[in-house]
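The structure appears right after this line, and notes come after that.
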Amino acid sequence: MSTPEDQFKNVISHAKEYGYIFQSSEIYDGLSAVYDYGQNGAELKKNIRDYWWRSMVQMHENIVGIDAAIFMHPTTWKASGHVDAFNDPLIDNKDSKKRYRADVLIEDHVKKIEEKIKKEVEKAAKRFEGFDEAMFRSTNARVLEYQAKADEIEARFKTALENNDLAEVKQIIVDLEIVCPISGSRNWTDVRQFNLMFSTSMGAVTDESNIIYLRPETAQGIFVNYLNVQKSGRMKIPFGIAQTGKAFRNEIVARQFIFRMREFEQMEMQFFVKPGTEMEWYETWKTRRMAWHKALGIDEKKYKFKDHIKVAHYANAAADIEFEFPFGFKELEGIHSRTDFDLRQHEQFSGKKLQYFDQDYTGPLNSELAKTQTPEDWKDNHSYVPYVVETSVGLDRLFLAILSTSLQEEKLEDGETRTLLSLPPQLAPIKVAIFPLMGKDGMPEKAMEIFNLLRFDHNVTYEEKDNIGKRYRRQDAIGTPYCITVDQQSLEDNTVTIRDRDTMKQERVSIDKIAAIVDEKVNMKYLLKKTS
Ligand code: ATP
């Protein structure tokens, strides 16, 4: 049995070998935490993006999509809080000279305690028939002791963060006797805050006033366009604005392949709602987003929700959808109830109104005024600053989730193993590979006819090289759902064999049936139907 580390290494080398992902600028020894998508990776990524875009924009009559610029007016990032607060607490180990995120060191420690609890539960489950897990967790002395310890650490850490008390964060690391995984020592520096935004300067003159940032999230491009879209699209609340695009973060510890990169892509949707309805919409979007992920057909046990210990300065509720990557459960998507924070901030910094008029609404204009006003003050007010529920998923992380779970080594009946990339068929980079059994006797021409027939609808490929078994194996490793082979009989009766990637079964069918067979398996509309 290979270890999860080995499996992960396998994913990385497979991604390179089959044209999915390459290290950026590899001929110059690469650039840390930056990656390029190869010929198959670019297709898979595009298909995942399409699945998201179509399910958000095409399938919702009240969601529209935009494409805002990466560069934004620098005041945007003052208003959003990123200039002052988009920091990670970092700590260095003086012996290994390695840098860590202090919050990650503490969270990893808590995870280890949770692992111990899990082991106790598993042990007990094996021992007792009709095992009641909830009862066991609430009564077993050892589990309760572990749980109390984990809760205590989390509570202490939460308070330290709320008070921005970096000395206390360090003290927690010291008290928990956390060691550097490289040097094994506890020789830590103080904890410092580090801003994650990349900056550059615009125009020929480089001085303070020309500094602009590479956006660290796509969301702000949506907020600053809220009124443009609402007015030009005559949008009625509740409505959403979706966007996909690059974001940049100078991550302290960029690791785990494309899980944490310095340049990555986000798919975000901001849903504008009436104040007071945000919790309902927050729950709705949590459910919808989980269903969207699960429609891909990946093992459902690999997904779970995790509520945030500490919600960000702009939110009143937040949860992650976590996925079980080869290195454990980690955040895949965030769902946040962002209140009216962002629009209010942009109103304040720009001096422009970002409000919504609704004759049926009577209430405070925004959440700040609500704190001091009484109903008497707002009895004639029918406008409000909308509340926002956000769904935000990393395209690259989702790519990694799908790629890593799809890669399998399968034992065959004849004792051989085959490498199979069982991607959801609708997302596969190549939908059909078309082979002439031999490169002669009119078979290549017939195969090209089929290629020309299918390429209007799908990304298909044609291959003559190698024996047919090798060609099948190669397409299995790329994840191509169907292989079509043209043989001698095809020339006589216009039939071909079509081979299914997952079952390896071959069926002989008439060429005019192929388009329909392929469509049923790979057309994204069937995936979208599952989520609507
Ligand atoms: P993390 O806690 O992992 O740093 P985050 O909470 O800062 O993530 P958000 O700001 O909520 O992440 O961003 C939304 C999504 O963008 C995340 O769920 C993740 O999928 C993706 N994402 C964030 N940072 C990165 C990164 N450095 N590389 C790849 N994807 C990322």
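Data table
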read-out: Scope region 21-48; condition away from the ligand (no atom under 16 Å from the Cβ), among the small types (Gly, Ala, Ser) and more than 18 Å from MET524 (Cβ to Cβ); matching residues; value: SER25, GLY30, GLY38
read-out: Tally, over region 133-167, of residues that are among the β-branched types (Val, Ile, Thr) and more than 33 Å from the chain's Cα centre (by Cα); value: 1
read-out: In region 106-137, residue nearest to ASP175 (Cα to Cα) [restricted to those that are part of a loop (DSSP other than H, G, I, E, B) and not aromatic (Phe, Trp, Tyr)]; value: ASP132
read-out: Some residue of region 168-176 being over 30 Å from GLY81 (Cα atoms), exposed (fewer than 14 other Cβ atoms within 10 Å of the Cβ) and within 29 Å of the chain's Cα centre (by Cα); value: no
read-out: Residues of region 187-240 that turn out to be of a type outside the set (A, V, I, L, M) and without any contact (Cβ under 8 Å) to a residue 40 or more places away in the chain, as a count; value: 13
read-out: Selected residue (only one of GLU177, GLU217, GLU152 is part of a helix (DSSP H, G or I) and either modelled with pLDDT of 90 or more or acidic (Asp, Glu) (or both)); value: GLU152
read-out: Which numbered condition GLY351 misses (of (1) touching a residue at least 12 places away in the same chain (Cβ under 8 Å); (2) more than 29 Å from THR3 (Cα to Cα)); value: (1)
read-out: Of all residues in region 252-265 being part of a strand (DSSP E or B) and touching a helix residue (DSSP H, G or I) at 6+ places or on another chain (Cβ under 7 Å), the one that is farthest from the ligand (Cβ to nearest atom); value: GLU265
read-out: Close pairs (7 angstrom Cβ cut-off, 6 or more residues apart or separate chains): under 20 Å from LEU343 (Cα atoms) in region 377-402, within 9 Å of the ligand (Cβ to nearest atom) and polar (S, T, N, Q) anywhere; value: SER392/GLN266
read-out: Residue match in region 377-385 (condition: in the same structural domain as TYR226 (by TED's automatic domain parsing) and within 31 Å of the chain's Cα centre (by Cα)); value: yes
read-out: Some residue of region 271-278 being in a helix (DSSP H, G or I) and under 26 Å from GLN58 (Cα atoms); value: yes
read-out: Residue identified as small (Gly, Ala, Ser), without any contact (Cβ under 8 Å) to a residue 24 or more places away in the chain and either out of contact with any strand residue (DSSP E or B) (no Cβ under 7 Å at 6 or more places or on another chain) or away from the ligand (no atom under 16 Å from the Cβ) (or both) among GLY469, GLY442; value: GLY469
read-out: All positions within region 224-251 that are surrounded by fewer than 18 Cβ atoms within 10 Å (Cβ to Cβ), of a type outside the set (Lys, Arg) and within 16 Å of the ligand (Cβ to nearest atom); value: ASN250, GLU251
read-out: Answer residue from region 326-360, given it is within 13 Å of GLU390 (Cα to Cα) and among the polar types (S, T, N, Q) and is farthest from the chain's Cα centre (by Cα) among those; value: THR339
read-out: Residue within region 382-391 that is within 13 Å of the ligand (Cβ to nearest atom), touching a helix residue (DSSP H, G or I) at 6+ places or on another chain (Cβ under 8 Å) and within 30 Å of PHE257 (Cβ to Cβ) present; value: yes
read-out: Number of positions in region 1-34 that are surrounded by 14 or more Cβ atoms within 10 Å (Cβ to Cβ), among the hydrophobic types (A, V, I, L, M, F, W, C) and part of a loop (DSSP other than H, G, I, E, B); value: 3
read-out: Matching entry among GLN256, GLN270 (being surrounded by 21 or more Cβ atoms within 10 Å (Cβ to Cβ), touching a residue at least 12 places away in the same chain (Cβ under 8 Å), in the same structural domain as GLN220 (by TED's automatic domain parsing) and not small (Gly, Ala, Ser)); value: GLN270
read-out: Strands (runs of 3 or more DSSP E) wholly inside region 379-446 that include at least 1 residues being polar (S, T, N, Q); value: 387-394, 407-411, 417-421
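Conditions tested, residue by residue: (1) outside any loop (DSSP other than H, G, I, E, B); (2) among the charged types (D, E, K, R); (3) under 24 Å from ASN250 (Cβ atoms).
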site: LEU44; (1), (2), (3): yes, no, no
site: ARG49; (1), (2), (3): yes, yes, no
site: TRP52; (1), (2), (3): yes, no, no
site: MET56; (1), (2), (3): yes, no, no
site: HIS60; (1), (2), (3): no, no, no
site: ALA68; (1), (2), (3): no, no, yes
site: HIS73; (1), (2), (3): no, no, yes
site: PRO89; (1), (2), (3): yes, no, yes
site: SER96; (1), (2), (3): no, no, yes
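The values are calculated or read from the model by the stated rules, or taken from the named source; none is laboratory data. These numbers come from a predicted model, not from an experiment. No Cβ is skipped: glycine too gets one built from the backbone with ideal geometry, and neighbour counts run over all protein chains shown.
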